[in-house]
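Each remark here refers to the structure printed beneath this line.
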Amino acid sequence: MAAFNKFNAFAEAICEKKHDFSTDTFKIMLTNVAPVATNGVKADLTEIAAGNGYTAGGTAVIVSSSSQTGGTYTATLSGNTVFTASGGNIASFRYVVCYNDTATNDDLVGWWDYGSSISPADAETFTVNTDAVDLVTLS
């Protein structure tokens with residue numbers, strides 16, 4: 001899987017109580033416009049067009065655990081996020097972005113850069129390996 005990059009504002013948002021990893025809904029969305037570390041909210045990004053198996057706003061991910069041990073807090077995702085093209089190609093994308101859909105401004109968490117554009121054809125799938133991915137680790 002591509003390397004995870006966090007948005008700078010994510011660290012501040014944690015300290016300002018904008019994220020609750022035990023109850024908030026986090027989503028994975030797709031974009032073909034490069035995010036930059038200084039982006040802070042979903043509106044700063046250009047999401048791909050909805051349709052053919054992609055829903056506007058993306059797909060919810062599951063935070064399977066949110067706990068602290070020995071002074072280190074970790075929020076871990078479970079299950080993979082799968083997008084399946086149906087009725088045509090999913091619009092081209094290169095970047096996969098995680099954001100907090102519960103936060104008032106859809107605060108951003110981080111993104112993965114897949115290195116080149118991807119456009120799943122009808123009936124093809126694209127899987128974001130979010131199983132056992134630590135979304136955040138604080139110590």
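The values are calculated or read from the model by the stated rules, or taken from the named source; none is laboratory data. The structure displayed is predicted, hence computed values, not measured ones. Cβ: placed from backbone, ideal geometry, glycine included. Neighbour counts: every protein chain shown. When the accessible area is computed, the model is the full protein with side chains, heavy atoms only, and any ligands, DNA or RNA have been set aside. Shrake-Rupley method; radii C 1.70, N 1.55, O 1.52, S 1.80 Å.
Worth a mention:
- Residues in the range 73-113 that are at pLDDT 95 or above, hydroxyl-bearing (Ser, Thr, Tyr) and under 21 Å from Val41 (Cα atoms): Tyr95, Tyr99, Thr102.
- Flag for Ala132 being touching a Ser or Thr at 6+ places or on another chain (Cβ under 9 Å), exposed (fewer than 13 other Cβ atoms within 10 Å of the Cβ) and assigned to a loop (DSSP other than H, G, I, E, B): yes
- Residue count for the range 73-103, restricted to those that are open to solvent by 50 Å² or more (accessible area, probe 1.4 Å), in a loop (DSSP other than H, G, I, E, B) and in contact (Cβ under 8 Å) with a residue 40 or more places away in the chain: 4
- Among residues of the range 23-71, those that are in contact with a Leu (Cβ under 8 Å, 6 or more places away or on another chain), open to solvent by less than 50 Å² (accessible area, probe 1.4 Å) and within 17 Å of Val136 (Cα to Cα), counted: 4
- Members of the range 83-105 that are closer than 23 Å to Asn129 by Cβ and not hydroxyl-bearing (Ser, Thr, Tyr): Phe83, Ala85, Asn89, Ile90, Ala91, Phe93, Arg94, Val96, Val97, Cys98, Asn100, Asp101
- Test: residue in the range 107-119 that is surrounded by fewer than 19 Cβ atoms within 10 Å (Cβ to Cβ), touching a residue at least 40 places away in the same chain (Cβ under 8 Å) and not in a strand (DSSP E or B): no
- Scanning the range 1-19 for residues that are in contact (Cβ under 8 Å) with a residue 40 or more places away in the chain and open to solvent by 60 Å² or more (accessible area, probe 1.4 Å) yields Met1, Ala3, Phe4, Lys6, Lys18.
- Residue count for the range 35-69 under the criterion of being within 12 Å of the chain's Cα centre (by Cα) and part of a helix (DSSP H, G or I): the result is 1.
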